[in-house]
Amino acid sequence: AHYVRKDYVAAVADYRAAQAAGRQDAAVAWNLGWSEYLLGHLDAAIRADRQALELDPTLFPVRLNLGLALLAAGQVEAAQEEYAAAMAMASAEVAAALSRGQEVPVSSWYYLDTGARDLEGLLERLAGRERPWTQAPPAAALAPAEAIQSAGLDLLYRLKGLSVALERSGR
């Protein structure tokens with residue numbers, strides 16, 4: 001409820017309380033990481049995303065979030081590695097579904113699109129173009145724009161290109 005109200009400080013406190021009460025699962029860590037990211041607590045977001053991936057390494061959307069937090073922190077090479085791993089995981093998920101003659105889970109498309117929107121949000125925040133729907137850390141928490149922009153645009157184009165390729169050809 002705190003997250004929905006955009007009270008990310010209270011949301012983080014709730015996620016941490018859930019963990020302290022024994023709720024050590026990927027969903028809590030995933031939500032904690034995203035809330036920390038939105039607050040601009042990039043190191044905490046990176047730790048939470050890594051914790052979520054330790055608990056469930058199959059979550060390519062968490063890997064996208066980890067790449068985004070690393071990029072926002074100016075750790076470009078590490079971010080590129082995480083995005084490459086997430087895109088490989090998404091590709092494998094689509095290929096596996098198609099090879100079984102099954103529909104690709106709707107969540108796969110949703111998370112690829114959301115990953116692109118999240119990158120766009122970061123780039124918009126860097127450019128100072130605020131929009132009501134922008135979800136990104138405060139500008140003051142971000143690495144210098146010149147360290148992020150080029151890599152961010154490249155990752156955005158690659159992620160959107162992958163999404164289209166997977167939807168059109170399954171590869």
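The values are calculated or read from the model by the stated rules, or taken from the named source; none is laboratory data. Since we're looking at a predicted model, the values are computed, not measured. Cβ: placed from backbone, ideal geometry, glycine included. Neighbour counts: every protein chain shown. When the accessible area is computed, the model is the full protein with side chains, heavy atoms only, and any ligands, DNA or RNA have been set aside. Shrake-Rupley method; radii C 1.70, N 1.55, O 1.52, S 1.80 Å.
Taking 4 °C and 1.567 mPa s as conditions, segment 131-171 diffuses translationally at an estimated 105 µm²/s according to Stokes-Einstein applied to its Kirkwood radius (Cα pairs). For the chain, a Kirkwood hydrodynamic radius built from all Cα pairs, placed in the Stokes-Einstein relation at 37 °C and 0.692 mPa s, yields a translational diffusion coefficient of 201 µm²/s.
Relative protection proxy for 73-86, 128-141, from highest mean packing down: 73-86, 128-141 (other beta-carbon atoms within 10 angstrom).
Of the peptides 155-161, 61-67, 21-27, the order by per-residue mean of other Cβ atoms within 10 Å, starting with the highest, comes out as 61-67, 155-161, 21-27. Remark: segment 22-103 carries 42 Å² of accessible area per residue (probe radius 1.4 Å; ligands, DNA and RNA excluded).
Using alpha carbon centroids, what distance separates segment 84-154 and segment 1-38, in Å? Rounded to whole Å, the Cα centres lie 21 Å apart.
Taking a 1.4 Å probe, which of His2, His41 shows the most accessible area, and what order do the others take after it? Please list the in-between numbers first.
Working: His2 60, His41 90 Å².
The most accessible residue leads, giving His41, His2.
Ordered by solvent-accessible area of protein heavy atoms (1.4 Å probe), largest first, the residues Glu93, Glu124 come out as Glu93, Glu124. Report the FRET efficiency, 1/(1 + (r/R0)^6), for Ala95 and Ala143, where r is their Cβ-Cβ distance and R0 is 41 Å, rounded to 0.05. Taking R0 as 41 Å, the efficiency between Ala95 and Ala143 is 0.75.
Ordering Glu167, Glu120, Glu36 by accessible area with a probe of 1.4 Å, largest first, what comes out? It would help to have the intermediate numbers written out before the result.
On the way: Glu167 110, Glu120 60, Glu36 10 Å².
My answer, sorted largest first, is Glu167, Glu120, Glu36.
Quick check: convex hull over the Cα atoms of segment 99-171, volume per residue in Å³, rounded to an integer? List each step's numbers first, then the result.
Working: hull volume 7.5 nm³, N = 73.
Per residue, the Cα convex hull of segment 99-171 comes to 103 Å³.
Using DSSP H assignments, which helices in the chain have an axial alpha-carbon span of 27 Å or above and a mean Kyte-Doolittle hydropathy of -0.5 or higher?
Details: long enough: 76-99 (34 Å, 0.64); 106-127 (32 Å, -0.13); 145-169 (35 Å, 0.29).
Those that pass (Cα extent of 27 Å or more, hydropathy at least -0.5) are 76-99, 106-127, 145-169.
Counting heavy atoms of the protein chains alone, Asp14 has an accessible area of about 80 Å² for a 1.4 Å probe.
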